[in-house]
Amino acid sequence: MKAHYKVLILGAGSGGLSVAARLAKKLSPKEIAIVDPAKKHYYQPLWTLSGAGVLPKQESERNQVDFIPQGVDWIQESVTRFNPQENEIETDSARKITYDFMVVALGLRLAWEKIPGATEALGKNGVCTIYEYDQVDKTEQMLKSFSGGTALFTMPPVPIKCAGAPQKIMYLADEIFRNTGVRNKTKIFFATAGKAIFGIPVFAEALTKVVQRKNIELLTQHQLISIDGANKKATFRVTDSAGNTSDQELNYDLIHVVPPMVAPKVVLESALVEKEGDQKGWLSVDKFTLQHKLFPNVFGVGDVTGVPNSKTGAAIRKQAPIVVDNLLNVMNQQPPQAKYDGYSSCPLVTEVGKVILAEFGYDGKLLPSFPVNPAKERRSMWILKRYLLPKLYWHGMLRGRA
Ligand SMILES: Cc1cc2nc3c(=O)[nH]c(=O)nc-3n(C[C@H](O)[C@H](O)[C@H](O)COP(=O)(O)OP(=O)(O)OC[C@H]3O[C@@H](n4cnc5c(N)ncnc54)[C@H](O)[C@@H]3O)c2cc1C
């Protein structure tokens, strides 16, 4: 390992590896290093399907080492401090590494501490989540052994990663309850902190029809704020139409919890963080070029970036080539020229075999890849989600080919 690299990539998740694979084809791989302690890599979109027992969660897991591009150094340590004025980072082994250019791809952190009681309650007494790999099996067991009662599915304030997943698992749970014969003695509620079931009107309309068809009750402006696991009670902060808030306790027999999400602590405490506005607390980058607003030799990709998109792997597939092109522009003393349009996609699974493929960019602009009505549930989009996208991810995106 060296003490200086031309390009330092922080994080070897979807964003870090996608950028590394592309960059290693343009520069000498020896000039690039990736910093990440994680030995395993996960294709997280499969966790929704595994939580419902459609496929084993192990299908989402690979060894990180198999995806580090050949010749690129992999520093298996955590970044603990940024010093962008000196083009330097520090790791948990007190190693200091300097760089000419840096790509921050550290993802986000699940802020479980913002729901008091949740961490202690997880995995027992009907409290589950598909947002943690080690909870995915338990979610499947809880859904399949549910004997009826009240099932709550929660959605925190955005931004979160894959804002569709909290309701996808609910639709799959509804199907499981029908198959196990308990649906007629179960009430399902979707309690969302938001004002609507989905942020883009055309998809919100289609999803409203889905919840009506499935007899699911929608509770808007209901933000989960604590859980009493022993007594199976959840407290929500409810905002009424006049903007007044009150706290409301709901009893549950099963609750699927999605926590609020924040940037990793090391980013939050650094000079790289956005200090004001809608993107406060996330990596401060230009929403089109993905270049840092203060440090032009720094770029961001993926969930950590403070851009008004929807945080998904699909967004990263579009961001990675933009970051690489702009990085090369800047290396050649050119202004960054490639522009990200905010593209993101969410394959909204409404039951096994049916998906609404929501694709959109900044300001809710629809960006469909296929010439068909995007708000319709389709079997073809299920095939895309279940079979084609995982292949595209492992063999295309992480190899810098797609
Ligand atoms: C349940 C679920 C369902 C989803 N469904 C979809 C979907 O259907 N479609 C879709 O496109 N997306 C989906 N996503 C979202 C998608 O998985 C993420 O948006 C994507 O993985 C984010 O990639 P990233 O590189 O930004 O972060 P990650 O892939 O999370 O990687 C971050 C990396 O940074 C490393 N790291 C963190 N802190 C440090 C540190 N201090 N030092 C060094 N390394 C560090 C971590 O170890 C990790 O490897 C889903 C996610 C979940 C959880």
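Okay, here's what the table says:
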item: G51, sole failed condition from (1) more than 10 Å from the ligand (Cβ to nearest atom); (2) crowded, with 22+ Cβ neighbours inside 10 Å; (3) more than 20 Å from T305 (Cβ to Cβ); result: (1)
item: Positions within segment 337-364 being touching a residue at least 60 places away in the same chain (Cβ under 8 Å) and buried (at least 18 other Cβ atoms within 10 Å of the Cβ), in sequence order; result: C346, P347, L348, V349, T350, I356, A358, F360
item: Selection status of D286, of a type in the set (D, E) and within 21 Å of M155 (Cα to Cα); result: no
item: All positions within segment 203-259 that are closer than 16 Å to T186 by Cβ, out of contact with any Leu (no Cβ under 7 Å at 6 or more places or on another chain) and in a loop (DSSP other than H, G, I, E, B); result: K214, N215, K232, D253
item: One residue from D341, D303 being more than 10 Å from the ligand (Cβ to nearest atom), under 26 Å from F198 (Cα atoms), in a loop (DSSP other than H, G, I, E, B) and at pLDDT 95 or above; result: D341
item: Given (1) surrounded by fewer than 18 Cβ atoms within 10 Å (Cβ to Cβ); (2) in a strand (DSSP E or B); (3) of a type in the set (S, T, N, Q), index of the condition Q334 fails; result: (2)
item: Any hit, segment 12-32, residues being over 20 Å from A402 (Cβ atoms) and within 9 Å of the ligand (Cβ to nearest atom); result: no
item: Any hit, segment 175-194, residues being in contact with a strand residue (DSSP E or B) (Cβ under 9 Å, 6 or more places away or on another chain) and within 15 Å of the ligand (Cβ to nearest atom); result: no
item: Set T91, T80, T48: member being under 24 Å from F177 (Cα atoms) and not assigned by TED's automatic domain parsing to the domain that holds A173; result: T48
item: Number of the exception - S241 against (1) crowded, with 19+ Cβ neighbours inside 10 Å; (2) at pLDDT below 95; result: (1)
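The values are calculated or read from the model by the stated rules, or taken from the named source; none is laboratory data. Since this is a predicted model, take the numbers as computed values, not measurements. Note that we place each Cβ from the backbone using ideal geometry, even for glycine, and neighbour counts take in every protein chain shown.
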